[in-house]
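The values are calculated or read from the model by the stated rules, or taken from the named source; none is laboratory data. Since we're looking at a predicted model, the values are computed, not measured. Backbone-built Cβ (ideal geometry, glycine too); neighbour counts: all protein chains shown. Ligands, DNA and RNA are excluded from the accessible area calculation, which covers all protein heavy atoms including side chains. Shrake-Rupley method; radii C 1.70, N 1.55, O 1.52, S 1.80 Å.
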Amino acid sequence: FQYLLLVLVETLPILPWAGQYLGWVFLTRAGWNLGWLVLLWPPFFLAGIFLQICVFLLFHRILFPFGMSPGVHPLYGWVHCRWATARALQSQNLGIIYTFFCKTSIFNCVYRCLGAKIGAGARIDTVSIHEPGLVEIGEGTKIGRHVNASPAMIAPAGMFGDAPVLMFSTVIIGSHCEVGHRAILPAGGRLVDRTHLKPRSSPAHKNAVG
């Protein structure tokens, strides 16, 4: 079942091009000339992008209708299946959305629709805020390029029992923080207000937080 869900995920990135193609077909059959086709290509392409955003958010809502909550779940169970699909869905679609809307309020809005709590004036320059419903970002905070915030982790055997499990834990970034490029915020990560996390580091690293 998880394989079928992942195959379905792979079809979503074609929506912008499908919108463009259908626009060309419609205008050609309506007898519009080449000049109109060239002029209207960008609006049709952007319409395809927004259609992709809507379908992406709808699928994510179907997978987790009540959002994600901190907790522990067995590997390869129903929650694990939905989580893996949601991750693949986000990876496939946020990259395309990022190309057009990075560091804009639209990009923040997409993350908010996925459940993230983002304060006013925050600037996000990464597609790797996983499990957004478990992430809080304070106002005025800057998230650098390729930062990886991952509230989910596979806990090894012995941590919560005899078998490995999937664990969800919140990631909280305070107000007016600055997270350097390629920094990592693991499950349970915390940054207090006005903290600077150095590039390519983690809160657990010595001297990484200033």
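Find the accessible area per residue for region 54-210; the probe is 1.4 Å, ligands and nucleic acids are left out, and the unit is Å².
49
Can you send over the carbon and sulfur percentage of the accessible area for region 35-188, probe radius 1.4 Å, protein chains only?
Carbon and sulfur atoms account for 66 percent of the accessible area of region 35-188.
Between PHE45 and LEU63, what is the label-point separation in nm under the 7 Å Cα-to-beta-carbon projection?
2.7
Tell me, what is the FRET efficiency for VAL209 and ILE106 to the nearest 0.05, using R0 = 35 angstrom and their Cβ-Cβ distance as r?
It comes to 0.70.
List, in order, the whole-Hz ³J(HN,Hα) value for each residue of region 46-55 obtained from phi through the Karplus relation with A = 6.51, B = -1.76, C = 1.60 and θ = phi - 60°; use x for Gly and Pro.
In residue order, the calculated couplings are 5, 4, x, 4, 5, 5, 4, 4, 5, 5 Hz.
To the nearest 10 square angstrom, how much accessible area does CYS54 have with a 1.4 angstrom probe?
Surface open to solvent at CYS54 totals about 80 Å².
Using modelled amide H (1.01 Å from N, peptide plane; none on Pro or chain starts), what sits under 5 Å from the amide H of LYS142, excluding residues fewer than 5 places away?
ARG123, CYS177, GLU178, VAL179
Restricting attention to region 163-210, which trypsin sites (Lys or Arg not before Pro) occupy a DSSP loop and are surrounded by at most 10 other Cβ atoms within 10 Å?
Sites meeting the loop and neighbour criteria: LYS206.
Decide, for region 84-206, between rounded, prolate and oblate: order the square roots of the alpha carbon gyration tensor eigenvalues as a ≥ b ≥ c, take rounded if a/c falls under 1.5, and otherwise choose prolate if a/b is larger than b/c, else oblate.
It is oblate, given that a/c is not under 1.5 and a/b is not larger than b/c.
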